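To start, the structure under review is shown below, and the notes come after it.
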Amino acid sequence: MTEDELLLYGAWVDAIGTIVSAYAELREISGFNDENDKIVSIGEGLQAVGTAMMGIVTTEDPMNFAGTWVDAAGAATASLAAYRQSVEGGESDANLRLEVLGDTFQAMGSAMSALAEYRAGAPYAGNVLQSLGATLEALGALFEQKSREEQGQMLATVGDYSSNRG
């Protein structure tokens, strides 16, 4: 597989994962609570795989390279948190902290990539939106941890859709 193909397929897998996660968050707001954590786990897992595929491609800028891998690690961590929530049947403090950690890594990774692309004069708005979305998702999980589930869920949903636009 060529580097261009890795970038293309990785971007598609990442985008599909983002759409799947956003769908699960929308289901949660609509009151359909069954299986949402599993759907989020699948979506975040796809994001991790897609981003890792893009991370395999060599780049001249170490900031962009590192940002891609930090983002992939964050998506994998968020996927693990959602999976654990689906298996354990609820959102424990430990799982919410894991979710916050994963979303924070995703935000940092996208911000690092956006900065690298900005410095290179390349389009960077997509990574800025992904960073903003992941930040909102992390804040949403923090709200949920502080027993403000409704506000947290709204932040997470807006964050997912912001990431989707990126």
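Laboratory data are not the source of any read-out in this text; all were calculated from the coordinates shown. Everything quoted here is computed from the prediction, not taken from an experiment. Cβ: placed from backbone, ideal geometry, glycine included. Neighbour counts: every protein chain shown.
Couple of notes before you dig in:
- Across the chain, counting alpha-carbon atoms alone, Rg and Dmax equal 15.1, 48 Å.
- Relative contact order, percent, the chain [alpha-carbon distance under 8 Å, six or more residues apart]: 21 percent
- Cα-projected label distance for Ile29 with Met154, points at 7 Å along beta-carbon direction, nm: 1.0 nm
- Mean-square fluctuations from a GNM of the chain, with a 10 angstrom spring cutoff on Cα atoms, peak among Gly67, Gly31, Gly126 at Gly31.
- The charge dipole of the chain, taken about its Cα centre with unit charges on the Cβ atoms of Lys, Arg (+1), Asp and Glu (-1) only, comes to about 240 debye.
- Think of it as helices only: each DSSP H run of n ≥ 4 in the chain is worth -39500 (n - 2.57), and spread over all residues that comes to -30000 deg cm²/dmol at 222 nm.
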